Structures are given as C-alpha cells and as structure tokens.
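Reading through the structure tokens given below for one structure.
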Amino acid sequence: MRLKDKVAIVTGAGSGFGEGIAKRFAQEGAKVVVNDINAQSGARVAGEIKAAGGNALFVKGDVTSGADWANLVDKATSTFGRLDIVINNAGWTHRKKPFLEVTEAEFDQVYSVNVKSIYQSVKHALPVFRKQGGGNFVNVASTAGLRPRPGLAIYNSSKAAVILMSKSMAGEFGPDNVRINCVNPVFSPETGLSAEFAGGAVTPEARKAYLATIPLGRFSTPLDVANACLYLASDEASMISGSCIEVDGARCV
C-alpha cells in the first residue's frame, strides 16, 4: 500500500473530488481525517470508508477559520499520533457572470475559501511537519489558474494565486523536508460547483461546449484527481515539490 500508516487530512471531503481523494487514500492504507463544513456529508464519507475496512475520522470545520484548522490538526495528531499529508481540496466559486456583476461579498468568499484556507492550513500544519522532520501538502487548484475562461475572473485569479503560493512555499519549506505541490483539474460535472462554473444548469449543449476544449474528449473524474494526489502524496514523488499536475486531458497544452 502506497500510503500505509500515513495520516492525511482531506478538506472538502464530503463530496466530489474530496470524497474521491479520501476514499482512494484509505484504499492505499492512509488514516484519513475527513473534513467538510457539511456534517452530514462528511460523516457519510467517513462512515463509508470505515464500512469498507478503512480508517477514517470526520472533523467538521470551516477551512477559512484558524480556530477550526487548529482543531482539525489537533484531532488528527491526538487521534492518530502524527500528521503526514494535508490535501487542500475545499473550494468555492461565484456563478459565471460578467466581472462587474461579482459582488464584494462574493469576491471575499472566493479568496477566503480558495486562498486564505491554504495559508491557514500551512500556519497550523507546518509546525507539526517541522517537528516530525517532514510533511506534504497537495493543493487542488484548477486549470482555470492557467487557462482562464471568461465570466470567472475572480475564481480564475484565486486559483492562479494558489499555484504561485504553492511554488513559493515549496522553495521556502524545502529545507524542512516539506513538499508542496498542486493538482489542476479541468471542469467536471461531478462536482457540486459545476452549475456555478457553467452559469446555470449543465445542459447537453454546455457539456458539449466544455468537452470540445478537452483533447482527450472526457471530463476529469474524482478518481482521476485522487490518483494524481495519491502520486504526489506518496514516497514515489519524494523529489517532486513546487510542481503542478494538470488533470485535464491536454486542455492546457
């Protein structure tokens, strides 16, 4: 098993990509701390992992809150004795619309969930990693941070910030044996935010338009994203830090 006895926090793990990551990590032997702001969804995922023979703990929390992050890291270390991996998957977007129609509240929410959450995760997990002699962050950014689509300027820029911040931290924390990488998924109708990205219902016409931009001709799935995160979180990637893996069927080429 590629993550045997490692302890991993996965944020936004109550559905979509986060659920796929949490379950895939558990299959590979990780002890998974399932985090979500939705208690019902997060508890369901943790319960399904345990029912399948895995080891999981659900901890409710808002990823924008320092206090909630302190509690999340404390629950991970007090329950499992250590912390090896943090997967920053939780994200949010405003609905696709013209730039000047995005409200200030929406702007603040996008940057708080997508960018400030990364800061909070590092602030609270990095001291544990340093004490242990190493650790691993994988941040789920987006192809939007590399090849932005119209109508999502604020979201696009927040994901670009995640990518650049991850690369910057990789250089700064490398001497601590802490690796930081990104995974950049392309649009997926399997996430709870798909209608927001599309600006409404994901109609057959909208699906066709999105698919036309992906050379491999299919959307990214939770398993696709989970496998990319699994590689970066595993010892197989021990020399990889400050990198991004595009899980996009060559959309960004």
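Just a few scattered comments:
- Counted charge near Asp248, where neighbours are those whose Cβ lies closer than 14 Å (Asp, Glu -1; Lys, Arg +1): +3
- Between Phe58 and Val34, the built amide H atoms are under 5 Å apart, and every one of these is 5 or more places off in sequence or on another chain.
- For the listed peptides 129-136, 245-252, 175-182, a ranking on the average number of other beta carbons within 10 Å per residue, highest first, reads 175-182, 245-252, 129-136.
- With helices as the sole contributors, the chain gives -13500 deg cm²/dmol at 222 nm; each DSSP H run of n ≥ 4 counts as -39500 (n - 2.57), and the sum is divided by every residue.
- Packing, taken as the mean count of other beta carbons within 10 Å per residue, orders the peptides 31-42, 233-244 from highest to lowest as 31-42, 233-244.
- Residue-count net charge about Ala43 - beta-carbon cut-off 9 Å; Lys, Arg +1, Asp, Glu -1: +1
- Theoretical gain in end-to-end length, Phe99 to Glu236 [0.36 nm per residue, Cα-Cα removed]: 45.1 nm
- Cβ-based net charge around Ala212, under 13 Å, with every Lys or Arg adding one and every Asp or Glu removing one: +4
- Residues with amide H under 5 Å from that of Val183, placed H, sequence gap 5 or more: Asn139, Val140, Ala141, Ile245
- The distance between label points at Arg130 and Leu223 comes to 4.1 nm (points 7 Å beyond Cα on the Cα→Cβ vector).
- Distance histogram for the range 7-247 (every C-alpha pair counted, 10 angstrom bins, percent rounded to whole numbers): 8, 34, 38, 17, 3, 0
- Whether the range 1-115 is rounded, prolate or oblate, judged on the alpha carbon gyration tensor where a/c under 1.5 counts as rounded: prolate
- Listed pairs Lys75/Lys131; Lys4/Lys31; Lys23/Lys60; Lys96/Lys167; Lys6/Lys116 exceeding 19 Å between Cα atoms: Lys96/Lys167; Lys6/Lys116
We did not get these values from a lab; they are worked out from the coordinates using the rules stated. Note that the structure is a prediction, hence the values are computed from the model and not measured. Cβ atoms come from the backbone with ideal geometry, glycine included; neighbour counts cover every protein chain shown.
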